[in-house]
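Structure first, then comments.
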Amino acid sequence: METAIAKAKAAGIQSAVLTFDPDPWQVLKPNADLHHLSDLEDKAMILESMGIDCFYIVNFTREFAGLSNEQFHQFLKDLNITEVVCGFDYTYGKKGSGNIETLRKDSGLPVDVIEQISDHEEKISSSRIEALIREGNVEEAGELLGYLYTMKGTVESGFQRGRKLGFPTANLSFSKEELCPASGVYAGYVLVKNHAYKAMINVGTNPTFNNREKTIEAHLFDYSGSLYGKKCAFCSPGACVQKSALRA
């Protein structure tokens, strides 16, 4: 994206990022259990903060997935795209038949390829980051992302067991498509109206109380008042401080 911004400025044109909605795997493998590091709202916010001018959101369908390489090239040109920036392992077209070589050879567009970006001699990829989050290693995941991994949603009424014990908690109702960290207790923050409050965040099923569904609850420090119905974001900058569900 930084390369696209630099190229656009040099050429006196707008920079743009293209993505698909819904997730292509939702269309191609509708029964798959999919989770995401970010949704469209998150992506738009990140792109805006980076200085990207345009955000193309392409409706992904089976028909679109069946485009030939030539049809995809024309699709790009119809969007008034004059130069392409992509990763070294980028593929496109029907069954991923297109790659950077066909894009360079047949599209008629200048193509800038970003080579593999690694950390500790290992490729930085979404699958690697997702694995770290599932393991509860949100600290390393944040380092690879370049920002704190965050889950957002609306605070809803929970079992209120923490309140009875003197530790009132905010229970986050989140989308099933969001990637939930490993069960455990995390030191982190809860963002309320752009203000970050230090918090102890518990992720788990609370087996002591026979809860079966995974929940995310946070006890906010230095916060008073009700959070019910408010949109909040929970994030943790550090590794899991307790690798088991909170036992109250």
Cα-based Kirkwood hydrodynamic radius, the stretch 1-136, one decimal, Å: 16.6
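Taking a probe of 1.4 Å, how large is the accessible area per residue of the chain, in Å²?
Working: 14950 Å² over 248 residues.
Averaged over the residues of the chain, the accessible area is 60 Å².
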Fraction of accessible area attributable to carbon and sulfur, the chain (%, probe 1.4 Å): 51
Computed over the stretch 1-113: relative contact order in percent, which uses C-alpha pairs under 8 Å that are six or more apart: 25
Rounded accessible area of E135 (nearest 10 Å², 1.4 Å probe): 100
Mean ellipticity per residue at 222 nm, deg cm²/dmol - from DSSP H runs of n ≥ 4 across the chain, formula -39500 (n - 2.57): -7500 deg cm²/dmol
Rounded if a/c under 1.5, otherwise prolate or oblate - the chain, Cα gyration tensor axes: prolate
Descending Cα extents along the principal axes, the stretch 70-139, whole Å: 44, 21, 21
Mean separation of Cα contacts under 8 Å (6+ apart) over length of the chain, as relative contact order %: 16
Amide H contacts of F20 (H built 1.01 Å from N, under 5 Å, at least 5 apart or other chain): V58
For the chain, built as a Gaussian network whose Cα springs stay under 10 Å, the top-fluctuating residue of G93, G136, G225: G225
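For Cα pairs less than 8 Å apart in space and 6+ apart in sequence, what is the mean separation divided by the residue count of the stretch 61-150, i.e. the relative contact order in percent?
22
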Antiparallel DSSP beta bridges within the stretch 4-131, percent to nearest 5: 30
Charge context of H120, other residues only, Cβ under 13 angstrom, K/R +1, D/E -1: -3
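The values are calculated or read from the model by the stated rules, or taken from the named source; none is laboratory data. Since the model is a prediction, treat every value here as computed from it, not as a measurement. Note: ideal-geometry Cβ built from the backbone for every residue, glycine included; neighbour counts use all protein chains shown. Just so you know, the surface numbers come from the protein's heavy atoms only, side chains and all, with ligands and any DNA or RNA stripped out. Shrake-Rupley method; radii C 1.70, N 1.55, O 1.52, S 1.80 Å.
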